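Structure first, then comments.
The values are calculated or read from the model by the stated rules, or taken from the named source; none is laboratory data. Remember, it's a predicted structure, so these values are computed and weren't measured experimentally. A quick note on method: Cβ atoms are made from the backbone with ideal geometry, for glycine too, and the neighbour counts reach across all protein chains shown. We work out accessible area using only protein heavy atoms, side chains counted, and drop any ligands, DNA or RNA first. Shrake-Rupley method; radii C 1.70, N 1.55, O 1.52, S 1.80 Å.
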Amino acid sequence: MTSTSQTAGDVRDLALAEHGKRKMEWANQQMPVLQLIRKRFIKEQPLKGVRLSACLHVTSETANLAVTLRDGGAEVVLCASNPLSTQDEVAACLVKDYSIPTYAIKGEDNATYYAHVNAAIDHRPQITMDDGADLVTTLVTKRTDLVPGVIGGTEETTTGVIRLRAMANDGTLKYPVIAVNDALTKHLFDNRYGTGQSTIDGILRATNLLIAGLKFVVAGYGWCGRGVAMRAKGLGADVIVTEVNPVRALEAVMDGFRVMPMCEAAKVGDIFVTVTGNKSVLSSEHFERMKDGAVVANSGHFNVEIDIPALEKLSSARRPARPFVEEFVMKDGRRIYLLGEGRLINLASAEGHPAAVMDMSFANQSLAAEYLVKHASELERKVYPVPEAIDRQIAKLKLESMGIYADRLSPEQEQYLASWSEGT
Ligand SMILES: NC(=O)c1ccc[n+]([C@@H]2O[C@H](COP(=O)([O-])OP(=O)(O)OC[C@H]3O[C@@H](n4cnc5c(N)ncnc54)[C@H](O)[C@@H]3O)[C@@H](O)[C@H]2O)c1
């Protein structure tokens, strides 16, 4: 591991820092709630002396979070939560200009990825901040000596929360974790509007296709999937949804989308996007049915939603077609285009979510870290929700930053809603 300056870290090139700084400043302008929290943190120092390791997508928004945590007194170390999502210029800036040790290089191989996760763990964290649970799982399986020093953790995404709940159920989870993803001000906005917009952005930057008139298949109608479907529809696509949950399939139907099994959708789709958090959602039986020129992309957390080994097996040749687009030629001559190696396309070929939406996600992260410092001793080895008061406070601050004010209940209305006897 190369030490890139006085500050430890492993980044592509410190000379990129100036570009990274401008990107961070641009993002910061769109993050008013985080700015307010940072101001308070500077005064109150709620994280003073706390060693915090964060495994997050290293983007300009994350950099502003890392600086907020540091300004709140934490000793922060950052590593990437995905090999393709790092913005090298931002990683350079964090090391050079903010002295935050950062271990992240866009395109790093698997071994380097885990070396970076372990470098973040070498920091002996008292708080872990995860996006996908790689810090927690590495700690409890391979770095068990450091587990007793951890007071708690936070988790950013749906897939991470699912993994953590499974760990809590079988007793593997060794410290409390706050499910930031489950805060309303997180998933209703980040997953829906953030993933919705940035997934389309990633597909457009990679392919420059005209979306209007295309048959656009979205696998999974969860918070992310409905965002992607909504935005694809807005661009004029004929959107088809596939689902396994009948309630969500019904929602998709009533939102105006066609719903069908993937085996049917495979025959007609021009673009396929998986956002399920599941594996092999697109597999051999689907690739075999796809039209010549079909484009497949993933926006779910792990690169297992598209069965890439199956695609490789079915193909006779492959070559890069454009940056982030790989052409697979099937044995019968059809071509299938895989975007971004099947990794989160919004972060692989675009810049991830817009800062304005990450403002709320990272406000939740900051306040959840503060909450852990105050309350960890009262918590068990479980997955906890973000306290409702934090969620509401973030929504209120976000609205105010937009110059929008919601109504308040009158005392009579409060009484009416709290009582069962009125209205009879
Ligand atoms: N790209 C990003 O930046 C980003 C942002 C947030 C979340 N995520 C990730 O996206 C994934 C989805 O997150 P979410 O919040 O929408 O989760 P969710 O649980 O709200 O939705 C997932 C949906 O997929 C459906 N599903 C599961 N298996 C399926 C299958 N085989 N075929 C069709 N549908 C299937 C489920 O029934 C569910 O409705 C997760 O991996 C999450 O971590 C990515």
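Any residue in the stretch 122-141 that is aliphatic (A, V, I, L, M), part of a loop (DSSP other than H, G, I, E, B) and open to solvent by 30 Å² or more (accessible area, probe 1.4 Å)?
In the first step, residues of the stretch 122-141 are kept if they are aliphatic (A, V, I, L, M); the result is 127, 129, 133, 135-136, 139-140.
Cutting the leftovers down to part of a loop (DSSP other than H, G, I, E, B) gives us 133.
Next, only the ones that are open to solvent by 30 Å² or more (accessible area, probe 1.4 Å) stay: none.
Looking for residues that are aliphatic (A, V, I, L, M), part of a loop (DSSP other than H, G, I, E, B) and open to solvent by 30 Å² or more (accessible area, probe 1.4 Å), one finds none in the stretch 122-141, hence no.
Checking the structure you have, find out if any residue of the stretch 347-354 is at pLDDT 95 or above, closer than 21 Å to ILE37 by Cα and crowded, with 18+ Cβ neighbours inside 10 Å.
Yes, the stretch 347-354 contains at least one residue that is at pLDDT 95 or above, closer than 21 Å to ILE37 by Cα and crowded, with 18+ Cβ neighbours inside 10 Å.
Taking the stretch 58-73 as the region of interest, how many residues are in contact with a strand residue (DSSP E or B) (Cβ under 9 Å, 6 or more places away or on another chain) and open to solvent by 10 Å² or more (accessible area, probe 1.4 Å)?
1
Could you please let me know if LEU204 is part of a helix (DSSP H, G or I) and either modelled with pLDDT of 95 or more or within 15 Å of the ligand (Cβ to nearest atom) (or both)?
yes
Inside the stretch 221-234, can you point out the residues that are out of contact with any strand residue (DSSP E or B) (no Cβ under 6 Å at 6 or more places or on another chain), within 11 Å of the ligand (Cβ to nearest atom) and of a type outside the set (A, V, I, L, M, F, W, C)?
Passing the criteria: GLY222, ARG226, GLY227.
So, of the residues in the stretch 55-80 that are free of Cβ contacts under 8 Å to residues at least 60 places away in the same chain and within 16 Å of the ligand (Cβ to nearest atom), which turns out to be farthest from PRO125 (Cα to Cα)?
This residue is VAL58.
Of everything in the stretch 144-190, what is more than 13 Å from the ligand (Cβ to nearest atom), under 25 Å from GLY352 (Cβ atoms) and hydrophobic (A, V, I, L, M, F, W, C)? Give them in sequence order.
VAL177, ILE178
List, please: which pairs have Cβ atoms under 8 Å, are six or more places apart or on different chains, and start with a residue in the stretch 1-28 that is open to solvent by less than 60 Å² (accessible area, probe 1.4 Å) and end with one that is at pLDDT below 95?
Close Cβ pairs satisfying both conditions: GLY9/SER3; ASP10/MET1; ASP10/THR2; ASP10/THR4; VAL11/THR4; LEU14/THR4; LEU14/SER5.
Residues being of a type outside the set (Ser, Thr, Tyr) and within 10 Å of the ligand (Cβ to nearest atom): count how many of those fall in the stretch 281-302.
The total comes to 6.
Going through the stretch 313-340 one residue at a time, which ones are open to solvent by 20 Å² or more (accessible area, probe 1.4 Å), touching a residue at least 60 places away in the same chain (Cβ under 8 Å) and closer than 17 Å to ALA294 by Cβ?
ARG322, PHE324, TYR337
Filter the stretch 240-255 for residues that are more than 12 Å from the ligand (Cβ to nearest atom) and acidic (Asp, Glu) and give the result.
ASP255
Can you tell me which residue within the stretch 260-280, out of those that are of a type in the set (A, V, I, L, M) and buried (at least 18 other Cβ atoms within 10 Å of the Cβ), is farthest from the ligand (Cβ to nearest atom)?
Step one: of the stretch 260-280, the residues of a type in the set (A, V, I, L, M) are 260, 262, 265-266, 268, 271, 273, 275.
In the following step, the residues that additionally are buried (at least 18 other Cβ atoms within 10 Å of the Cβ) were identified as 262, 265-266, 271, 273, 275.
Details: MET262: 7, ALA265: 10, ALA266: 12, ILE271: 16, VAL273: 10, VAL275: 5 Å.
Among them, the one singled out is ILE271.
Test of understanding: among LEU14, LEU36, LEU78, which residue is in contact with a helix residue (DSSP H, G or I) (Cβ under 7 Å, 6 or more places away or on another chain), farther than 24 Å from GLY153 by Cα and of a type in the set (A, V, I, L, M, F, W, C)?
Working: LEU36 fails: farther than 24 Å from GLY153 by Cα; LEU78 fails: farther than 24 Å from GLY153 by Cα.
Answer to the check: LEU14.
Has the stretch 167-183 got any residue that is within 20 Å of ALA66 (Cα to Cα), buried (at least 24 other Cβ atoms within 10 Å of the Cβ) and touching a Phe, Trp or Tyr at 6+ places or on another chain (Cβ under 6 Å)?
yes
Could you run through the stretch 392-424 and say how many residues are surrounded by 10 or more Cβ atoms within 10 Å (Cβ to Cβ) and of a type in the set (D, E, K, R)?
Going through the stretch 392-424 one residue at a time, the tally reaches 6.
Somewhere in the stretch 89-111, is a residue free of Cβ contacts under 8 Å to residues at least 24 places away in the same chain and open to solvent by 10 Å² or more (accessible area, probe 1.4 Å)?
Yes; the residues of the stretch 89-111 include at least one that is free of Cβ contacts under 8 Å to residues at least 24 places away in the same chain and open to solvent by 10 Å² or more (accessible area, probe 1.4 Å).
Cβ-Cβ under 7 Å, sequence separation 6+ or interchain: first residue in the stretch 154-168 and farther than 19 Å from ALA376 by Cβ, partner near the ligand (Cβ under 8 Å from one of its atoms) and open to solvent by 20 Å² or more (accessible area, probe 1.4 Å). Which pairs?
THR158/GLY277; THR159/GLY277; THR159/PHE302; ILE162/GLY277
Can you confirm whether ASP130 is within 21 Å of GLU370 (Cα to Cα), acidic (Asp, Glu) and in contact (Cβ under 8 Å) with a residue 24 or more places away in the chain?
Here the answer is yes, as ASP130 does meet what is asked.
Here is a check on your reading of the model: is ALA237 more than 9 Å from the ligand (Cβ to nearest atom) and more than 19 Å from ALA310 (Cα to Cα)?
yes
If I ask for residues that are open to solvent by 60 Å² or more (accessible area, probe 1.4 Å) and of a type in the set (Asp, Glu), which ones from the stretch 362-391 would you list?
Of everything in the stretch 362-391, those that are open to solvent by 60 Å² or more (accessible area, probe 1.4 Å) and of a type in the set (Asp, Glu) turn out to be GLU378, GLU380, GLU388.
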